[in-house]
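Student: Attaching a single structure in structure tokens format; questions to follow.
The values are calculated or read from the model by the stated rules, or taken from the named source; none is laboratory data. What you see is a predicted model, and the numbers here were worked out from it, not measured in a lab. Heads up, the Cβs are rebuilt from the backbone with ideal geometry, glycines too, and the neighbour counts pull from every protein chain shown. Surface areas here come from the heavy atoms of the whole protein model, side chains and all, with no ligands, DNA or RNA. Shrake-Rupley method; radii C 1.70, N 1.55, O 1.52, S 1.80 Å.
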Amino acid sequence: SPSFSLPYSGGETSSSTTGSASPLPNSYDSLEGGSYPVKFARGPDVKCSIFFNLFQPFPDLSQLSAALGGLSGVPELEVEALRPVNLLQERNLLPPRPLEAPEPNLSADLRKVNCSPQTFRCTLTSVPQTQALLNKARLPLGLLLHPFRDLQQLPVITSNTIVRCRSCRTYINPFVTFLDQRRWKCNLCYRVNDVPDEFMYNPVTRSYGEPHKRPEVQNATVEFIASSDYMLRPPQPAVYLFVLDVSHNAVEAGYLKYLCDSILENLDKLPGDTRTRIGFLTFDSTIHFYNLQEGLSQPQMLVVSDIDDVFIPSHDSLMVNLKESKELVKDLLTSLPAMFSQSRETHSALGPALQAAFKLMSPTGGRVTVFLTQLPTLGAGMLQSREDPNQRSSSKHLGPATDFYKKLALDCSGQQIGVDLFLLSSQYADLTSLACMSKYSAGSIFYYPSFHHLHNPAQLEKFQRDLGRYLTRKIGFEAVMRIRCTKGLSIHTFHGNFFVRSTDLLSLANVNPDSAFAVQMSIEDSLADSSLACFQAALLYTSNKGKRRIRVHTLCLPVVNQLSDVYAGADVQAITCLLANMAIDRSISSSLSDARDALVNAVVDLVSAYKSNVSSLQQSGLVVPASMRLFPLYILALLKQVQTGTSTRLDERVFAMCEFKTQPLQQLMRMVHPDLYRLDNMSDQGALHLNDTVVPQPPLLHLSAERVSRDGAFLMDCGNVFYLWIGKCCNEMFIRDVLGCPNYASIPPNMNHIPELETPLSERVRAFLDWLQDNRAFSSTIHVVRDDASAKSTFFLHLVEDRTDSASSYSEFLQHIQQQMSK
């Protein structure tokens, strides 16, 4: 029966076109500096999640050597992580607060300077010494990375010399060893390197002779200002092109006015400088360009109706300097919605519009943002409806119908153009095919099913909020990312949105702070000679101010030779996220049922391996180490997710798969296993006090109907949406003070906001909601759900421990695992 063989290589994913299809010369390889000649197995696509703390100063030389030589264990943590848990007997498994990443078993000095788990996270915080030991553990080895996330504090280093290993090109970091003041030993390939003269000076303390105190060696996350050695051409300006659907369907949906208003509102906040360029292109059955050259009295529309041979009507006036042509840009955005309000044009020539966008952007590179409301029906890239409502549970049509969008994305990637897609469609639009334009150009995808400016106010509000974040979030251009690891380890599969330029170099035409990546790894040679394994991600990019920068993250973990230590350091959430990515690849390359079976078998394999190798308890039941106690629950939640459900619309399933490939771990985990809280009886116990605000911290509840009572109010946090469920017998004071309604019966059916009321209870609830919102990039919509029949379709479907029409309950799932083990 199917399981995830490790190393495992999935189906049609971003890296399935490595090497030869590369549209740019491989000079990018030499630019970031190559890596030592390891054998890399080719594999598919990337995704990651990464954290960052305020880092402490580094220890002195003797402390550093001692720290690198021997590990001082954290036995009390290990003992708890290894406690055998019988899942058939213990039912209260959830901690009261959301799960933290496990702390690697390192000395205090190393832990203090290690990379934040929000930035860089490994599925196993104790790395097995050999592939044989990894195989025995039956757990996947991989990294989750969130390399460009927004940081509160980032050490930026301006130096003529960026110190790197001469052999493997690793950047100097807190985990190298200084043999003396003049020599340092690389922590990845163990080569001894000379310390350059310039590195002897510490710009922070303004003193000489203490290279180990420089910021590069004190912080696991740093950013270097790069010299011209790291450029293939002068850094590009920020360039933005908006490609807008103006067909009759688009006019009906009514998105155009809100988009134009949002761009107008944020025009001065678009990341960039005095060189920033902007352009607009609209399309229905023809393509419309806009001359915005400084000096014109108003914008000029230029129509190209030959969509089979698209040409650019004017080369220097369509992408204009934003500062110089700002008034014309404002005029265009003010008049655009009315220009097409009477349109009867039902066709959509998206493909030709994208070809035009490619030609417009090729000289500079930059970001193309596409807004689409329907299936493309004319010209290159035209698509037909493939959705069969009776075949929704099959894996049919999880692959693209045409290679047009992938080829276009690869061309874009070669010219440093990233393509982002906003799909606002109430009908099937074949997102499987369309998603390729963003997947292979390192873009982002946003999807608003059933979008309508009047009939769906919640979607409209989400669209407006998302645009606010999207237009103003920071952006990196013409980027590449390389992940290096300790000698003996190798990367074989990437997950996320990018193009794999060579075995270990990802091309990211644009990089944004909200996208994450994942990598699968294997152990090619024994790590017996080292007590530590290190991983380093280096992201080379051009900032929106035209500066070349290199952001470097380094993670250090202990190497272990005991299976019990591997289990003690297992990161159950990172493992779940990596398996979710692997399952998506499997569903595309094989089938959905195969992917589901492989997920179930991952649980069977873990329980069997633990029982036969580690647990001394030969009792009956399902016994797992405490570190993995939530694993079966998370896998069941994954199986119940939208992308594996049988009645889900195809575009919604595909969008969920895209999200899983690109979301950071915390957001992904909320989508898989939502957080449930009771709000009507919140106390101050354990509350946070932030800037004069009291933020209550209600305990997490199991996702089961038996935890939800009709006399309460329960908040479910699903990552991109909140459900506030109000029971029929809920305290009227809560309904009045928080919702502003006199009683339960008067709660409106489609309430999607919490009013700002000046009552202590309202302030508490809003403080808690705001605190939850603060920890994510895109704000979540909220739906107030009443305790009646229609509520069963939303809130209760997320209670993953309960039985649904198509899936078993948690108890039944555990019984199924037990049956599989006895076979």
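Student: Subtracting the Cα-Cα distance from 0.36 nm times the residue separation, let me have the gained length for Arg166 to Glu294 in nm, one decimal.
Tutor: Working: separation 128, 0.36 × 128 = 46.08 nm, distance 5.04 nm.
Length difference between fully extended and current span is 41.0 nm.
Student: Compute the distance in nm between two label points, each set 7 Å from the Cα along the Cα-to-Cβ direction, one at Asn750 and one at Asp150.
Tutor: Result for the modelled spin labels: 3.0 nm.
Student: If N is the number of residues in segment 457-535, what value comes out of its Cα radius of gyration divided by 2.2 N^0.38 Å? Show your work: numbers first, answer last.
Tutor: On the way: Rg = 18.0 Å, N = 79, 2.2 N^0.38 = 11.6 Å.
Rg over 2.2 N^0.38 Å, computed on Cα atoms: 1.56.
Student: If I model a spin label as a point 7 Å beyond the Cα along the Cα-Cβ vector, how far apart are those points for Val694 and Glu198 in nm?
Tutor: Placing both labels 7 Å beyond Cα along the Cβ direction yields 5.5 nm.
Student: Between Ala338 and Leu267, what is the spin-label point distance in nm, taking each point 7 Å from the Cα along the Cα→C-beta axis?
Tutor: 1.6 nm
Student: Calculate, for the chain, the solvent-accessible area per residue in square angstrom, rolling a 1.4 angstrom probe over the heavy atoms of the protein chains. Don't skip to the end; give the middle numbers.
Tutor: Values: 30590 Å² over 823 residues.
About 37 Å² of surface per residue is accessible.
Student: Using a cut-off of 16 Å between alpha-carbon atoms, which lysines can reach Lys136, once sequence neighbours fewer than 8 places away in the same chain are excluded?
Tutor: The reachable lysines, counting only those whose Cα sits under 16 Å from Lys136, are Lys611.
Student: Right, something else. How would you rank 295-304, 232-241, highest first, on the average number of other Cβ atoms within 10 Å across their residues? Show your work: numbers first, answer last.
Tutor: Numbers: 295-304: 13.5, 232-241: 18.1.
For the peptides 295-304, 232-241, the packing ranking is 232-241, 295-304.
Student: Another one. Ignoring everything but the protein chains, give the 1.4 Å probe accessible area of Cys718 in square angstrom, nearest 10.
Tutor: 10 Å²
Student: Using only alpha carbon pairs under 8 Å that are at least six residues apart, calculate the relative contact order of the chain and give it in whole percent. Don't skip to the end; give the middle numbers.
Tutor: Values: 1881 pairs, mean separation 151.1, N = 823.
Relative contact order comes out at 18 percent.
Student: On to the next question. Taking 1 over the mean of 1/r across every pair of different Cα atoms in segment 151-278, what Kirkwood radius in Å do you get?
Tutor: That comes to 18.8 Å for segment 151-278.
Student: Taking a label point 7 Å from the Cα of Thr804 along the Cα→Cβ vector, which residues of segment 650-678 have an amide N closer than 12 Å to it?
Tutor: Residues passing the 12 Å test: 672-674.
Student: Could you compute how much accessible surface Lys213 exposes when probed at 1.4 Å, giving the result in Å² to the nearest 10?
Tutor: Per-residue accessible area (Lys213): approximately 70 Å².
Student: Given the Cα atoms of the chain, and with Rh set as the inverse mean 1/r over their pairs in the Kirkwood sense, what is Rg to Rh to two decimals? It would help to have the intermediate numbers written out before the result.
Tutor: Values: Rg = 27.0 Å, Rh = 28.0 Å.
Across the chain, the Cα-based Rg/Rh ratio is 0.96.
Student: Ignoring ligands, DNA and RNA, please state the percent of accessible area on segment 674-799 from carbon and sulfur, probe 1.4 Å.
Tutor: Numbers: 2940 of 5880 Å².
The value for segment 674-799 is 50 percent carbon and sulfur by accessible area.
Student: Tell me, Kirkwood radius of segment 674-799 from alpha-carbon pair distances, in Å?
Tutor: Details: mean 1/r = 0.0678 Å⁻¹.
14.7 Å is the Kirkwood radius here.
Student: Relative contact order (percent) for segment 674-799, with alpha-carbon contacts under 8 angstrom and 6 or more residues of separation?
Tutor: Values: 211 pairs, mean separation 33.1, N = 126.
With pairs under 8 Å counted, the relative contact order is 26 percent.
Student: Hey, which lysines would be in cross-link range of Lys728, C-alpha to C-alpha under 27 Å, not counting anything within fewer than 8 residues on its own chain?
Tutor: Once the sequence-local lysines are set aside, what remains near Lys728 is Lys792.
Student: Distance cut-off 25 Å, Cα to Cα: go down the list Lys407/Lys661; Lys406/Lys545; Lys185/Lys545 and report the pairs above it. Let's see the in-between values first.
Tutor: Values: Lys407/Lys661 20 Å; Lys406/Lys545 30 Å; Lys185/Lys545 35 Å.
Long pairs (Cα-Cα over 25 Å): Lys406/Lys545; Lys185/Lys545.
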